[in-house]
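Below: one structure, written as C-alpha cells.
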Amino acid sequence: MTTPINIVWFRQDLRLIDNPALIAAAKAGTVLPIYILDDENSKSASIGSASRWWLHHSLAALNKSLKDKLRVYSGDAKAIFHELTTEHSVQSVHWNRCYEPWRIKRDKLIKKALIDADIDAQSHKGSLLWEPWEISKSDGTHYRVFSPYYYRGCLGTGAAVELPLPKPSRLKLADGEFGESSLDELGLLPRIPWDKQLAPHWKFGEKAAAKTLETFVENGIFDYKSGRNFPSQANVSRLSPYLHFGELSPRQVWNRAQLAGDGPDVQHFFSELGWREFAHTQLFYFPKLQSKNLQAKFDQFPWRKNAKHLRAWQKGLTGYPIVDAGMRELWETGYMHNRVRMIVGSFLVKNLLLHWRDGEAWFWDCLVDADLANNSAAWQWIAGCGADAAPYFRVFNPVTQGEKFDKAGEYTRHFVPELKKMPDKFLFQPWAASKEILDDAGVELGVNYPEPIVDIKASRERALEAFKSLKPTEE
C-alpha cells in the first residue's frame, strides 16, 4: 500500500524553525516539501530580477537543510496540485499564508479543490505577528494611520508576541519522483551575470539569516533610533530580505531583540517591525495598493513623463550626490539604506514630478528585499497619496540631507567615487565650488560627473504648487 504523503508548500517561509506549516505536516506523517514558481498567476506582480536571484540561492540553502528532498516546480500552482493529488496519495497539504491579492485569490481556489477531493488543506499563520483581520478599531474597521494601529491596536491588548516554534523534532521526508523540475530549470538566475556585483554583499538561507540577526542585536540595535538615519553607520538590521523570503520569522526577530532590553532603541526597532505589519494590512484591505492611489484625489495629480530624467535617476546620474549614491548602492548591492530610500523617493516624485509607480517598479526589480506590501506602501507614503502619508510640503532637500546624515561623506564617496576628492563643504553641491576647487578634486561637471538635472529650489516650488492644486474627493 502506498504511504500517504503530507505536502508542505514553501512560499515566503524558506526555513525549518518557527514554520507552523512544516510542523503540522510533520505531525501528520511523511512530508513532501515543495516550492512552486507561479509566474502564471502572479502576472504583473511576478518577482523582480534581484529577488529572483536571491530566491535561487535561498531555495538552494533550504534544499540543503532538507537533505536534497525539496521538490521545485514552475507553472500554474492549481494545475500542479491537481497533478500531485491525482497521481499520488496525498493526505494533507499545509502552507503559511501570504497576503498578496493574487496569492489570496489563487490559494482560496486551491484550498477548495483540495477539500472537494477529500484532502485536508490547512493554511497557517507564519509570516506576520498580527494577521490583518486580528487588528481593528472599536467600530470593527481597519486602521488607516500607523500610530493608533500599532500602539493601540497591536500593543494595546497587552498580549505578548508568541515564542518561535522549534523545528520539527522528527521529519520523515518522502522519497521517489514527483514530477519535479531542477532548481536551475526554474530560470531564476540572470542570463547576463550582472549579479556578480551583488554576491559579495549577501549570504543566504536560514543560518545566514540567524547570524545576521545575532550580529545586529549584539552590535547594531544599541543607538538604533538615532543611528539608523546615518547610512555609513552599522545601525540598520539588513534583515528585510530574510524576513521577506521567510528565512527568519518576525517572531524570531522580535523575541531575539527583546533579549537586548526594553530601551528606546529596541522599542523603535519593534515599531519598524510594526510598519511591516501595517503595510501588509494596507495591502490586505486595499488590494490595488501597487497600482492605485490610496487617496483618490491623487488620480488627478499632474505627474510628468520624462524618460531622460527617469533614466538619470535610475542610473544615479542626477547631479545630486546623495541621490546618486543611493541609486548606485541599489544597483550594486540590491539594497538601499532606509534614510536614503526616502531621499531618492522624494527627489523622484517631488523634484522630478515623476509618478511614484515609476519608482515602485524600479525598486521592485532591483531590490533583493522587494516586498509587494512594503514597497507599494512606502512609495505611496513618500508620494503623499498613501495611508499615514508624508505631508505634501515635506520635500527632502538632497543637499541638506546629505550634509546632515553623511556629514563626513563616507557613504557618498564610496558609491560616487568620482567625487572622493571633493572637500566636505562642496561634496553635496559640487556646482557651487569654484573651478579651482573642482580642478583640484579632478571633477569636471558635465563630463565625469553630471550637472544637476533640475534646480532644487525651482523644482520644489513647482511640486508645492502641484500638490496645492489637488482638490479633496470623496474616498
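The values are calculated or read from the model by the stated rules, or taken from the named source; none is laboratory data. Model, not experiment: these values are computed from the prediction. Cβ atoms come from the backbone with ideal geometry, glycine included; neighbour counts cover every protein chain shown.
Structure summary
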| read-out | value |
| --- | --- |
| Filter result for residue 328 (of a type in the set (Lys, Arg), closer than 30 Å to residue 103 by Cβ and over 14 Å from the mean Cα position of the chain (by Cα)) | no |
| Residue identified as among the charged types (D, E, K, R) and under 30 Å from residue 298 (Cα atoms) among 435, 457 | 457 |
| Number of the exception - residue 368 against (1) surrounded by fewer than 22 Cβ atoms within 10 Å (Cβ to Cβ); (2) touching a residue at least 40 places away in the same chain (Cβ under 8 Å) | (1) |
| Selected residue (criterion: surrounded by the most Cβ atoms within 10 Å (Cβ to Cβ)) from residues of the stretch 172-230 that are small (Gly, Ala, Ser) and within 21 Å of residue 9 (Cβ to Cβ) | 209 |
| Subset of the stretch 274-306 that is in contact with a helix residue (DSSP H, G or I) (Cβ under 6 Å, 6 or more places away or on another chain) and of a type in the set (A, V, I, L, M) - its residue that is farthest from residue 246 (Cα to Cα) | 294 |
| Qualifying positions in the stretch 238-296 - without any contact (Cβ under 8 Å) to a residue 60 or more places away in the chain and of a type in the set (Ser, Thr, Tyr) | 242 |
| The stretch 140-154: number of residues that are outside any helix (DSSP H, G or I) and without any contact (Cβ under 8 Å) to a residue 40 or more places away in the chain | 2 |
| Candidates 406, 388 - the one that is under 30 Å from residue 143 (Cα atoms), of a type in the set (Asp, Glu) and crowded, with 16+ Cβ neighbours inside 10 Å | 388 |
| Count - residues of the stretch 286-324 that are buried (at least 16 other Cβ atoms within 10 Å of the Cβ), part of a helix (DSSP H, G or I) and at pLDDT 95 or above | 9 |
| Checklist (1) among the small types (Gly, Ala, Ser); (2) over 24 Å from the mean Cα position of the chain (by Cα); (3) not assigned by TED's automatic domain parsing to the domain that holds residue 43 applied to residue 153, failing item | (2) |
| Positions within the stretch 325-334 being assigned to a helix (DSSP H, G or I) and among the small types (Gly, Ala, Ser), in sequence order | 325, 326 |
| Matching option when the condition is in the same structural domain as residue 453 (by TED's automatic domain parsing), more than 17 Å from residue 456 (Cβ to Cβ) and assigned to a loop (DSSP other than H, G, I, E, B), among 361, 408, 377, 373 | 408 |
| Breaking point among (1) closer than 20 Å to residue 32 by Cα; (2) in contact (Cβ under 8 Å) with a residue 60 or more places away in the chain; (3) basic (Lys, Arg), for residue 97 | (2) |
| Tally, over the stretch 226-237, of residues that are closer than 16 Å to residue 265 by Cα and either part of a loop (DSSP other than H, G, I, E, B) or at pLDDT below 95 (or both) | 8 |
| Pairs with Cβ under 8 Å, 6+ apart, first in the stretch 107-124 and closer than 12 Å to residue 81 by Cα, second exposed (fewer than 14 other Cβ atoms within 10 Å of the Cβ) | 121/115 |
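For every residue, the table says whether it meets (1) among the aromatic types (Phe, Trp, Tyr); (2) crowded, with 18+ Cβ neighbours inside 10 Å.
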{"site": "9", "(1), (2)": "yes, yes"}
{"site": "20", "(1), (2)": "no, yes"}
{"site": "25", "(1), (2)": "no, yes"}
{"site": "42", "(1), (2)": "no, no"}
{"site": "64", "(1), (2)": "no, no"}
{"site": "89", "(1), (2)": "no, no"}
{"site": "95", "(1), (2)": "yes, yes"}
{"site": "100", "(1), (2)": "no, yes"}
{"site": "114", "(1), (2)": "no, yes"}
